[in-house]
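Beneath this line is the structure, given in structure tokens, with notes to follow.
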Amino acid sequence: MYIFLKALHSIVRWIVVLGGVYAIILALRGLFTKAHWGINEKRAGLIFTNALNIQFVIGLILYFISPLGARLFSAGDMAAVMGNKIQRFFAVEHLTIMILALVAAQLGYSLAKRAKTDQAKFVRASVGYVLAGLLLAYGIPWWRPLFPGL
């Protein structure tokens, strides 16, 4: 199950990245062209935030069933994990950065949905999505295989 979820987590990463790029492009385009907020902008935000939510759930399950998770939860091994750059990244940094990215994207979408004007929707979505995109770009372990199993 661990191997399957790890591969799924890596594949869903691309849905998140592509959905995020799409949502950011539409939000910024609308912001700078003063376009009308329509169904495509709403769908892009939904794709991005839903993919992030699914990715978070898969990642959280991985956190608890992975060998690193087992090591983290064993008595007294946290100091050793924190002393290893890669293990610390997955144990603390990756999780924290991705939670912040999820919150930023979700806030961008939710606040845009509640805004009264199209321009306000684009501003809120742009801020949330761009911040989430920057956090994702920083928090994704790019040194790992981009397409596992190929």
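How many residues, within region 103-125, are among the basic types (Lys, Arg), over 19 Å from the mean Cα position of the chain (by Cα) and either within 16 Å of LEU18 (Cα to Cα) or crowded, with 18+ Cβ neighbours inside 10 Å (or both)? Steps first, answer last, please.
Just the residues of region 103-125 that are among the basic types (Lys, Arg), to begin with: 113-114, 116, 121, 124.
Next, from what is left, pick out any that are over 19 Å from the mean Cα position of the chain (by Cα): 113-114, 116, 121.
From what is left, the residues that are either within 16 Å of LEU18 (Cα to Cα) or crowded, with 18+ Cβ neighbours inside 10 Å (or both) are 121.
Selection size over region 103-125: 1.
I'd like to verify a number: residues in region 18-29 that are surrounded by fewer than 17 Cβ atoms within 10 Å (Cβ to Cβ) and under 20 Å from LEU102 (Cα atoms), how many? I'd like the intermediate steps shown before the answer.
Taking region 18-29 and keeping what is surrounded by fewer than 17 Cβ atoms within 10 Å (Cβ to Cβ), we get 18, 21, 25, 28-29.
Checking the rest, the ones that are also under 20 Å from LEU102 (Cα atoms) come to 18, 21, 25, 28.
The number of residues fulfilling the criteria is 4.
Residues in region 71-90: is at least one under 16 Å from the mean Cα position of the chain (by Cα) and small (Gly, Ala, Ser)?
Keep residues of region 71-90 that are under 16 Å from the mean Cα position of the chain (by Cα), which gives 89-90.
Applying the additional criterion that residues be small (Gly, Ala, Ser) yields none.
The answer is no; no qualifying residue exists.
Check region 135-144 and report whether any residue there is surrounded by 15 or more Cβ atoms within 10 Å (Cβ to Cβ), touching a Ser or Thr at 6+ places or on another chain (Cβ under 9 Å), part of a helix (DSSP H, G or I) and modelled with pLDDT of 85 or more. Reasoning before the result, please.
Here is the first cut: in region 135-144, the residues surrounded by 15 or more Cβ atoms within 10 Å (Cβ to Cβ) are 135-136, 139-140.
Restricting the remaining residues to those that are touching a Ser or Thr at 6+ places or on another chain (Cβ under 9 Å) gives 139.
Still in the list and also part of a helix (DSSP H, G or I): 139.
If we keep only those that are modelled with pLDDT of 85 or more as well, we get 139.
For region 135-144, residues surrounded by 15 or more Cβ atoms within 10 Å (Cβ to Cβ), touching a Ser or Thr at 6+ places or on another chain (Cβ under 9 Å), part of a helix (DSSP H, G or I) and modelled with pLDDT of 85 or more: present.
Looking for something over 23 Å from VAL92 (Cα atoms) and of a type outside the set (Phe, Trp, Tyr) - is there at least one such residue anywhere in region 5-16? Walk me through how you get there before you give the answer.
Of the residues in region 5-16, the ones over 23 Å from VAL92 (Cα atoms) are 15.
Now narrow it down to the ones that are of a type outside the set (Phe, Trp, Tyr): 15.
There is at least one residue in region 5-16 that is over 23 Å from VAL92 (Cα atoms) and of a type outside the set (Phe, Trp, Tyr).
Condition check ((1) within 21 Å of the chain's Cα centre (by Cα); (2) surrounded by fewer than 15 Cβ atoms within 10 Å (Cβ to Cβ)) across all residues:
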position: TYR2; (1), (2): yes, yes
position: HIS9; (1), (2): yes, no
position: LEU31; (1), (2): no, no
position: LEU62; (1), (2): yes, no
position: ALA101; (1), (2): yes, no
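Take GLY128 and tell me if it is of a type in the set (Gly, Ala, Ser), crowded, with 16+ Cβ neighbours inside 10 Å and closer than 19 Å to SER10 by Cα.
no
The values are calculated or read from the model by the stated rules, or taken from the named source; none is laboratory data. Predicted, not measured: the structure shown is a model, and the values here were computed from it. Here the Cβ is made from the backbone with ideal geometry for all residues, glycine too, and neighbour counts use every protein chain on show.
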